[in-house]
1. What is the local net charge at residue 332, summed over the other residues whose Cβ is closer than 14 Å to its Cβ (Lys, Arg +1; Asp, Glu -1)?
2. Please figure out what share of the DSSP beta bridges in the range 149-305 is antiparallel and state it in percent, rounded to the nearest 5.
3. Treat the count of other C-beta atoms within 10 Å as a stand-in for reagent exposure and order 177, 814, 440, 390 from fewest to most.
4. If you average the alpha carbon positions of the range 182-209 and of the range 383-453, how far apart do those two centres end up, in angstrom?
5. Give 297/724; 240/387; 37/300 a once-over and call out the pairs whose C-alpha atoms are over 27 Å from each other.
6. Can you tell me the length gained on complete extension of the stretch residue 326 to residue 728, counting 0.36 nm per residue apart and subtracting the Cα distance?
7. Given R₀ = 45 Å, FRET efficiency for residue 393-residue 741 by Cβ-Cβ distance, to 0.05?
8. Gap in Å between the Cα centre of the range 121-168 and the Cα centre of the range 239-269?
Amino acid sequence: MRKMTLWTLFCLALALLPSQTDSVAVMSIDLGSEWLKVALVKPGVPMEIVLNKESRRKTPVAVCLKDNERLFGDGAVGVSVKNPKVVYRYIQNLLGKREDNPQVVQYQQHFPEHLLEKDEERGTVLFKHSEGIVYTPEELLAMVLNESSAIAQDFAEQPVKDAVITVPAFFNQAERRAVLQAAQIAGVKVLQLINDNTAVALNYGVFRRKDINSTAQNVMFYDMGSGSTTATIVTYQTVKTKESGTQPQLQIRGIGFDRTLGGFEMELRLRDHLAKLFNEQKKSKKDVRENVRAMAKLLKESQRLKTVLSANAEHSAQVEGLMDDIDFKAKVTRVDFEELCQDLFDRVPGPVQDALTSAEMSLDELEQVILVGGATRVPKVQEALLKAVRKEELGKNINADEAAAMGAVYQAAALSKAFKVKPFIVRDAAVFPIQVEFSRETEEEDGTTSVKHNKRVLFQRMSPYPQRKVITFNRYTDDFVFNINYGDLSFLKEQDLSMFGSVNLTTVRLTGVGTSFQKHGDAESKGIKAHFNMDESGVLMLDRVESVFETIVEEKEEESTLTKLGNTIQSLFGGGGSETSPNVTEPVQDEEEVPPEAGKEPEEQDQKEPVVEEKPEAGEQTTEEPKTEEKTTEDGADNASEAGKTEETEEKSDKAPEGEQAEPKDAEEDKKAKLQKKSKISVDVGADLQVNDVLDPSIDAIESSKKKLQDLTDRDLEKHEREKSLNSLEAFIFETQDKLYQDEYQAVVAEEEKEQLSGKLSEASGWMDEEGYTAGTKELKEKLSELRKACKAMFFRVDERRKWPDRLAALDSRLNQSTFFLKGAKLIPEIDQIFTDVELKTLEKVINDTTVWKNETVAEQEKRSPSERPVLLSKDIDAKIGLLDREVNYLINKMKFTKPKPKPKPKEKNATSSESSKANSSSTSTEDKPVEAEEVVKPAEEPPTAKKEASTTEKEPHTAEETTTTDKPEDSNSNHTPDEL
């Protein structure tokens, strides 16, 4: 019974395992300002760029929202020239931005055709598409992500929902959350948001794994895309890890960026220049800059012109029917282009210097500078950069367009449980520092009270992540408030700081602190601990807040094994403590305390300070040197004697003061002291978070956005299905009308039937012209089904006549082969015959019956009219072929696995008697004398059982319905093969 139970549980466990047919593919989406690239990993397809519907490797980030359809990519860009108002581009610049952000104002200047409104609830912007219809930037981005997922699914031929999405390294918390919200609306599961510069560095390192050693190699990646520029310093080096030994690692050391320096700004300069040239030609009295459609055409032409001028010294810009049916043509040189963008080229060295400053490195420490991004192909950009980095040449040994997508998809495969990749440690860095701020009242020497504002840095600039940290508040015994804000942002330029947005992140109000102290007043307080986590996506979260106490408990002398097991299970499955039932837990082993800000003057040495503790992320490769624990007071003084005297106090409590003799203890007191143990009590504290930068959409708003997008998707699918049905009906009508006049169809259609079919097709064609193009999908499908039913008999006759020659030739071939095999089987000598008479007669009967059926059916078919239903059917011919094959294959298998009969050998009387006498004499003398080598009795050449094995059993007569296959293995000792027989 026990075995059956275990087996049942095992089967149940197998049933719960994921099916092999489940989707295991993962993708990456390199989300740029102008373009996006999708890469895929699935079984049999390692790291490949996905082609879109136009078979292109990159897709424009553009959404077109017409009245009855949506278009993406190149289709949307094509509409932007005719109707730019319904096409939305460069959405990334509006994510996580308030309505008064300078970048929002700049977007409105670049795209005046769009009407932006303020979201009164969140303070962000909305696109007013039409009366009563608005879209948030997150919803538009969700449409793009949904389309990217559809492209990947078409390429992978299976659902793909797990993705790693790239974002700029300078994205702050609000912008990162906005991308995650868009992915949530789109139904895409984000494995990680990875910085695009980190993805490029990972791609570079993965393909140069053998070149990475214990010596640090510093590489700068200079990425100038369409909307922004980023310079990143990366250190490659092998490190030792506990989990997987020595592995390569990349560490982000320094980052510099310019939010508005990119190829799009160059294109805008060219667009305005072309507009100026058109106005100077005075072919129209109107100002072309006031015509939105004309400016959209000039922007498209400027994009082409920028690319051409990167390889040519001059080129002619031309636009047909620019405005009022007036064609435009003008000559533009590379010199003109460089003069227009000179101020942009002067900003090229800025990110390089910022990256060096943040990394605290010099140019001499860089081994090479590698170009990334499409805008780095502009010659003047390369010239300015080469001068800034003082190198002989710039590195161009990676794919500037696809490196980020390929690095991100490698990370996606590493994060997915379905794939196993070689480890490559990635240590990313947070660009912006984050700190905790709080206020408390202090008592001055004169007896007055004052409010002191304290700041404690959680994450320094360029701190690695993912990482967990804990800050401990030691001075509070009642509910209080603290703030999470950005730290010192003085390294940002004035323009970047204005576009950054709010420096205040979150206000946290704690509740339940006072209650916890009231309930555990007899225990020693270890402070209020707030646990923070900056995850792999660079998003900061407050995991939990707890009030921690320490108390002394007495252990029992002995504890049963069952009790120990119960306590172990309780510790594994127990959650955080509560006020009613606090959990007793051991101190966290992986938390690391960090001293407060340097430079603080010590004040009130006897008071404790909130401490910041680091907690490495689960699964993170630890490579740094271990730090010594250090606790500080709220005023910055080192108070290790107060905050950390837990173990030490216990150890010294039994010692007598200096100069005094220790009194002996009795056995009972000594035993009682040994049973005392310190334990911690943690009580969960309520935390109410108030977002101060950009409010996240509510749950209802997210669900509303999901429904809005699903309605649009359903509308698109319905439109696609209707168009498919309409095209199928239209094609069927035209093709069938043409077939009625082809010789192949005229031969099988009577005149009366032809007129009837032609009338129905003409009627359907007329209906198409009048009502078909406005009919619904259901009506179109019904009309097509009706026509196919009417033409079914005609198509069947034509199809049968097409199959006859091949099918009849195959049947004749099988009859000849079967007859030849039967003749050969009958010629086998009777002593070697392995087939029974019944088996041979059965095959002969099948051959004869098939031959008769074929001759009679073909003759009957020849008598019939071609317009009648045929009696010679291809399915009947296939059945006859199958019957012959089964009979012949059965006999071949029997012949193949049957052992041959051994031939008996004659026996000599003298030899037999001699051997018998020797055997007898040998058996009688074995005890008296040793057996000589010549006297050993040899075994008989053929044992008695050989004759039995050689005989074959009589098989029952075989019929056509019996199975012809056999599982008997082939005898390797057989002397006859089927070919020889």
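Since every read-out is calculated from the coordinates, none of them should be taken as a lab result. The shown structure was predicted, so the numbers you read here are calculated from the model rather than taken from an experiment. All Cβ positions, glycine included, derive from the backbone under ideal geometry; neighbour counts span all protein chains shown.
1. On the way: positive: 269, 271, 276, 304, 306, 329, 331, 334; negative: 267, 272, 280, 301, 314, 336, 338, 339.
Taking every other residue near residue 332 into account, the sum is 0.
2. Working: 21 of 27 bridges.
The antiparallel proportion sits near 80 percent.
3. Values: 177 23, 814 19, 440 15, 390 10.
In order of increasing Cβ crowding within 10 Å: 390, 440, 814, 177.
4. 13
5. On the way: 297/724 32 Å; 240/387 38 Å; 37/300 21 Å.
Distance filter (> 27 Å) returns 297/724; 240/387.
6. Values: separation 402, 0.36 × 402 = 144.72 nm, distance 4.13 nm.
Between residue 326 and residue 728, full extension yields an extra 140.6 nm.
7. On the way: r = 70 Å, r/R0 = 1.55.
The value I calculate is 0.05.
8. Each part's Cα centre sits 25 Å from the other's.
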